[in-house]
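*Asks:* Submitted below is the structure of interest, expressed as structure tokens.
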Amino acid sequence: MRPIHKRTEPRTVTETREATTTNLARKDTARTAFDQIDKEEARKALVEEQGWLCAFCMRRIDEGDRETSRTTTMKIAHRVPLDVDPRRALDWTNLLGSCDGGERSGGLYCTCDLRQRSTALTVDPAKASSVARLKLERRGKERGLFLTSDDAALKVDVEQTLGLNDGNLSELRQTTWDAFLAAVKRAHPSKHWDHATRISFLEKWRFDGKKLRQFVGVVEQKLQRSA
């Protein structure tokens, strides 16, 4: 998970929220209002502000809802679900772009919005101070980097509610970190690969075209914590 800088909300969200017929006082009417927004417009805005990464696990997401393509189908998640607080159904700061959470994995894993269901999250990807309270750790002889927190509520969020160590996520984080280190060494074969060199290299490595690299937050966090 990495901090997300929320931008101006898309017009469809504003117009739907401010419509005289919109009622966010009840779950059923809030759901109706949410279903009325232009989802394509909302997804496009979300992926652009998130760099085409899931707000939770940092897998690649795409604004197109193409079930038959190889592109991961994207969901619009509510950090605080409609069932908990319908008044936030159209609160842009409460809306996040999520991967499909393994919906099409044949039961291999269940994470992110699919796993969250109607549980409100304490962790807020839109707040750097919240994400900063998460940490990566190794666990015995298990391969991978596991996401957790010293804060009990945040630990429940990432390990249980969102399942962010399920499937091969911990291994993918480790693979991303290893790939970054290998790339630094290839780019600077005759230098010490010190912290300053890594930070400088990250500025160029962070993006794959206009999109952030998958799991780039792992590298960002490890370099930040080792400063």
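The values are calculated or read from the model by the stated rules, or taken from the named source; none is laboratory data. Just so it is clear, the model here is predicted, and its values are computed rather than measured. FYI the Cβ positions are ideal-geometry reconstructions off the backbone, even for glycines, and counts take in every protein chain you see. Accessible surface is based on the protein model in full, side chains and every heavy atom, while ligands, DNA and RNA are left aside. Shrake-Rupley method; radii C 1.70, N 1.55, O 1.52, S 1.80 Å.
*Asks:* Which of (1) closer than 21 Å to K75 by Cα; (2) of a type in the set (K, R); (3) without any contact (Cβ under 8 Å) to a residue 12 or more places away in the chain does R117 not meet, given it meets every other one?
*Replies:* If we test R117 against (1) closer than 21 Å to K75 by Cα; (2) of a type in the set (K, R); (3) without any contact (Cβ under 8 Å) to a residue 12 or more places away in the chain, just (3) comes out false.
*Asks:* Right, next: Consider L114 carefully, then state whether it is assigned to a helix (DSSP H, G or I) and either at pLDDT 95 or above or closer than 19 Å to F34 by Cβ (or both).
*Replies:* yes
*Asks:* Now for a separate question. When region 79-97 is examined, which residues are found to be closer than 15 Å to V123 by Cβ and in contact (Cβ under 8 Å) with a residue 60 or more places away in the chain?
*Replies:* Correct list: T93, L96.
*Asks:* Another question about this same structure. State whether one or more residues within region 82-103 are small (G, A, S), farther than 14 Å from K39 by Cβ and open to solvent by 30 Å² or more (accessible area, probe 1.4 Å).
*Replies:* Scanning region 82-103 turns up no residue that is small (G, A, S), farther than 14 Å from K39 by Cβ and open to solvent by 30 Å² or more (accessible area, probe 1.4 Å).
*Asks:* Just to be sure, is V84 within 14 Å of the chain's Cα centre (by Cα) and of a type outside the set (F, W, Y)?
*Replies:* no
*Asks:* While we're on this one: From the list L121, L134, L154, which one is open to solvent by less than 80 Å² (accessible area, probe 1.4 Å), within 18 Å of the chain's Cα centre (by Cα), of a type in the set (A, V, I, L, M) and under 18 Å from C99 (Cα atoms)?
*Replies:* After ruling out the rest, the residue left standing is L121.
*Asks:* Right, another one. Could you pull out every one of the helices (runs of 4 or more DSSP H) wholly within region 1-107 that has 3 or more residues that are in contact with a strand residue (DSSP E or B) (Cβ under 7 Å, 6 or more places away or on another chain) and under 28 Å from L134 (Cα atoms)?
*Replies:* The qualifying helices (runs of 4 or more DSSP H) are 39-50.
Okay, residues lined up against (1) touching a helix residue (DSSP H, G or I) at 6+ places or on another chain (Cβ under 8 Å); (2) open to solvent by 40 Å² or more (accessible area, probe 1.4 Å); (3) assigned to a helix (DSSP H, G or I); (4) among the polar types (S, T, N, Q):
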{"position": "L164", "(1), (2), (3), (4)": "yes, no, no, no"}
{"position": "A179", "(1), (2), (3), (4)": "no, yes, yes, no"}
{"position": "T197", "(1), (2), (3), (4)": "yes, no, yes, yes"}
{"position": "Q221", "(1), (2), (3), (4)": "no, no, yes, yes"}
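*Asks:* Every residue in region 39-56 that is over 13 Å from the mean Cα position of the chain (by Cα) and open to solvent by less than 20 Å² (accessible area, probe 1.4 Å), please.
*Replies:* Within region 39-56, just A42 meets the criteria.
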